[in-house]
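Each remark here refers to the structure printed beneath this line.
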Amino acid sequence: MAANLPHRYEELASFITGLVDTGVLRSGARAPSLRRLSRERRTSLSTALQAYQLLEDRGVLEARPRSGFYVARRAAVSLEAPAISQPPDTATSVAISATVLKLLEYAADGRLVPLGCAIPSAELLAAGRLDRFLARAARVKGIHYNVYTTPKGDLPLRQEITRRALRWGQALSPEDIVVTCGCTEALTLALKAVSRPGDTTAIEPPTYFGLLHVLEALDLKALELPTDSATGVDLPTLERALEKKSVTACLLSSSFNNPLGCTMPDDKKIALVGLLAEHGVPLIEDDVYGDIYFGAERPKPFVALDPSGNTIYCSSFSKTIAPGYRIGWLATGRHMQRVLEHKLASTLSSPALPQAALADFLSSGAYDSHLRRIRRTFAENINQMIRVIERCFPRGTKVSRPAGGFVLWVELPKPMDSRALFEEALRRGICFVPGDVFSASRRYTHCLRLSCGHGWDGRIEDGLNTIGAIASAALAGGSPAGENHGIRRQQRARSAIKGI
């Protein structure tokens, strides 16, 4: 009977989905209780729960504490998506490090409204559960882990990583994995293994400014490819660059690019890895957001679709559970020897005790229930934030439609200067990231990135209202302060009415 359970819970999930699609269960309505569903469909409670958890992952249902499961609210968004990026067709030297260091200082300032740094709040990550595993590992295994690990990292952790890779169709051996100090070190080691100073790396703009900082530190040039906010980079442009033999590596996010949140469809991923294999150019993929998906299933990374073994896969747990533990990893493919040489020269090995604690946490099964919760929370945060942007930002604003992750890319009407907007927002105690730092050629000066990684509250909403008011006033040539004052007055009035 156990062998039939997967078929049974998927059948139950399809039954509930049919009720939603036909309008029997409407948006916001309470779904049948687990006991009722198991009784009426003649199945076990555990099978009913599996079905509802699957529907949570697919965004059909949402769980409310001590209340049950409800049909998720999925209202249409009226704002347009950002335009396809049109970067220069020549490689660009990167000079961004000073700006990045300053932005990270602002993002770490707890006095500012936290719309800048793409790190989830500790409250959402439920770090206390992981800390208990760390305390236990220190108590039980501490004497054994106060040593250097092998350069590849703790074996039990590498085994857990390979078990998770099986879920998206990739068979890896623990010997294929190198544990790193976060995803940034993984990307750095990958680039060092396949590039030399002065080489050119193809990237997707806008792209995470941390990747640009790595390119600058390694003295690598960036070739920015036109990028669609829904489907990723333009393959004909990449093909022309490969034919010119001007690119030595390609660095892309496989799932939920930061900041666009876009994911290539599988057929396009297959075409891309085939194109790179044909020209002998390695692909380095950043899949740090892959587990934070809102759709039916986790997107397949490039490495799972690349039979040539030409892809170096990089990820970490920093966006999902443990940013402070600084645990990332890479699956090196054919480049293991070069990666280990550079790992030995940089950090020798990664801290042992956090690896042991994380391995125990993963093996306990707690990570999957945690992921279901934060995926739901981030999807709700993004939806809330888009609604405020629709209501309060200037006419003509465009916003991304991320299918996962927890950042939004906002394109304001020209000639808005997001750097000036940023300076004014800082004066009012709000932090976001201006758009020009997401490009080697310093484009997107009218864009900005917003983080949705903190719990939704009045402080976040007020911060968004203020940014929208400043932008509207600047475009209208009026007084931002006066506009902001008016909005706050309206908010106080609404609050007073609610209290009557």
In whole angstrom, the spacing between the Cα centers of the range 352-368 and the range 381-428 equals 36 Å
Per the Cα gyration tensor, the range 209-292 corresponds to an equivalent ellipsoid with semi-axes, largest first in Å, of 19, 18, 11
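Just how large is the dipole of the range 61-212 about the Cα centre, in debye to the nearest 20, putting +1 at every Lys and Arg Cβ and -1 at every Asp and Glu Cβ? Could you put the intermediate results ahead of the total?
Values: 18 positive and 14 negative charges, 181 e Å.
So the dipole magnitude of the range 61-212 works out to roughly 860 debye.
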Projected onto their principal axes, the Cα atoms of the chain stretch, largest extent first, over whole-Å spans of 69, 63, 48
Using alpha carbon positions and the Kirkwood radius, the Rg to Rh ratio of the range 245-376 is 0.99
Bounding extents of the range 167-266 in its principal axis frame from Cα atoms, largest first in Å, are 37, 33, 25
Over all viewing directions the Cα convex hull of the range 353-461 casts an average projected area in nm² of 9.4 nm²
Counting only protein heavy atoms and leaving out ligands, DNA and RNA, the solvent-accessible surface of Thr184 at a 1.4 Å probe, in Å² to the nearest 10, equals 60 Å²
Distribution output for the range 7-48: share of Cα-Cα pairs per 10 Å bin in percent, first bin at 0, values 30, 54, 16
With every protein chain in place, the accessible area of Cys183 for a 1.4 Å probe, in Å² rounded to the nearest 10, comes to 10 Å²
About its Cα centre, the chain carries a charge dipole, from +1 on Lys and Arg Cβ atoms and -1 on Asp and Glu Cβ atoms, whose size in debye to the nearest 20 is 1920 debye
Result for the chain: accessible area per residue, probe 1.4 angstrom, in square angstrom, of 44 Å²
Filtered hits (lysines, Cα-Cα < 25 Å from Lys414, offset >= 8 within chain) -> Lys398
Sorting Leu130, Ile84, Tyr52 by the position of each Cα along the dipole of the range 34-163 (Lys, Arg +1; Asp, Glu -1; all at Cβ), the one nearest the positive end of that ordering is Tyr52
Gyration tensor (Cα only) of the range 65-147 to equivalent ellipsoid, semi-axes in Å sorted down, yields 37, 29, 15
Expected sort for 144-151, 188-195 on mean C-beta neighbours within 10 Å, highest first, is 188-195, 144-151
A 1.4 Å probe over the protein heavy atoms gives the chain a carbon and sulfur accessible-area percentage of 53 percent
Sorting Leu166, Leu260, Leu155 on solvent-accessible surface, 1.4 Å probe, most exposed first, gives Leu166, Leu155, Leu260
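Only bridges whose two residues both fall in the chain count here: according to DSSP, what percent of them are antiparallel, nearest 5? Could the numbers behind the result be given before it?
Values: 27 of 43 bridges.
The answer is about 65 percent antiparallel.
The values are calculated or read from the model by the stated rules, or taken from the named source; none is laboratory data. Quantities reported herein were computed from a predicted structural model and do not represent experimental measurements. Note that we place each Cβ from the backbone using ideal geometry, even for glycine, and neighbour counts take in every protein chain shown. To get the accessible areas, we keep the full protein, side chains included, count just its heavy atoms, and leave off ligands, DNA and RNA. Shrake-Rupley method; radii C 1.70, N 1.55, O 1.52, S 1.80 Å.
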